[in-house]
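Visitor: Dropping the structure in here first, questions after.
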Amino acid sequence: APSNGYLYNVSWELEEEDELLVYQETVFHHLENKEWDKALALLEEMILIFPEHKIAHHEYTFALFFSGRQDEAIEKELELLKDDPNNLYSHTNLAVFYYETNATKEYETHIRALLNIYPIHEQQKLRVAVTLARTGFEKEAYPRFRMLDKAVVKSHVSYYRWFSMTAYRLGEPSRALSLWEEGCRRHPNLSNEP
């Protein structure tokens, strides 16, 4: 009967969705804790199983870059950008990659694009704020951190790491300390960072 087939499809889709969520959560944990090799291994699997999940491709290049394979990461991210020139993740990744490799002209191109982007989703807002903060645009990052819905982003170590550094660099040591302490309570691994 068609209804049984339909139920089977729905059930299979839900299982696939659950599997994707497990991958996403695990990868997220490894990326937030700078466990690049663990993230890369999972992202490779995830891309094979869910090739249409675009964010995984961007997270892969990010982990690739910070695991020491910088040229390969930049090359892959440029290919992704060619396919989707307005992709937020390509611009945030390339801004960071070029900043880290001192490719000033290329970095400026991507950071300029981000200065005019105000995403709707909290994770994307956080990604832009973190990118601005880690590439020397603290003044622009600060109000973006302040506008975030903390209830949504408190599970992100990067929120506490970069918001506290931004506050400190902008001359707000008490706010920086309070954010750092809260971050360390929620994410004990943060206290191991220099």
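The values are calculated or read from the model by the stated rules, or taken from the named source; none is laboratory data. Just so it is clear, the model here is predicted, and its values are computed rather than measured. Using ideal geometry, Cβ is built from the backbone for each residue, glycine included, and neighbour counts are taken over all protein chains shown. Heavy atoms of the whole protein, side chains included, go into the accessibility calculation; ligands, DNA and RNA do not. Shrake-Rupley method; radii C 1.70, N 1.55, O 1.52, S 1.80 Å.
Visitor: Does any residue of segment 123-146 turn out to be aliphatic (A, V, I, L, M) and not in a helix (DSSP H, G or I)?
Guide: No: zero hits.
Yes or no, residue by residue, for (1) within 24 Å of residue 25 (Cβ to Cβ); (2) modelled with pLDDT of 95 or more; (3) out of contact with any His (no Cβ under 7 Å at 6 or more places or on another chain):
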position	(1), (2), (3)
121	yes, no, yes
131	yes, yes, yes
141	no, yes, yes
153	yes, no, yes
190	yes, no, yes
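Visitor: Okay, next question. Out of (1) open to solvent by less than 60 Å² (accessible area, probe 1.4 Å); (2) in contact (Cβ under 8 Å) with a residue 12 or more places away in the chain, the odd one out for residue 180 is which?
Guide: It fails just one condition, (1).
Visitor: So, of the residues in segment 83-92 that are out of contact with any Ser or Thr (no Cβ under 6 Å at 6 or more places or on another chain) and part of a helix (DSSP H, G or I), which turns out to be least open to solvent (accessible area, probe 1.4 Å)?
Guide: Going through the qualifying residues, I end up with 90.
Visitor: Of these, 80, 42, which one is among the hydrophobic types (A, V, I, L, M, F, W, C), more than 27 Å from residue 193 (Cα to Cα) and open to solvent by 30 Å² or more (accessible area, probe 1.4 Å)?
Guide: Values: 42 fails: more than 27 Å from residue 193 (Cα to Cα).
80 is the lone residue from the list that is among the hydrophobic types (A, V, I, L, M, F, W, C), more than 27 Å from residue 193 (Cα to Cα) and open to solvent by 30 Å² or more (accessible area, probe 1.4 Å).
Visitor: Looking at residue 140 and the list (1) open to solvent by 40 Å² or more (accessible area, probe 1.4 Å); (2) closer than 17 Å to residue 34 by Cα, which single condition is not satisfied?
Guide: Residue 140 satisfies all of (1) open to solvent by 40 Å² or more (accessible area, probe 1.4 Å); (2) closer than 17 Å to residue 34 by Cα except (2).
Visitor: I've got another one for you. Quick one: in segment 1-56, which of the residues that are modelled with pLDDT under 85 and among the small types (Gly, Ala, Ser) is nearest to residue 93 (Cα to Cα)?
Guide: 11
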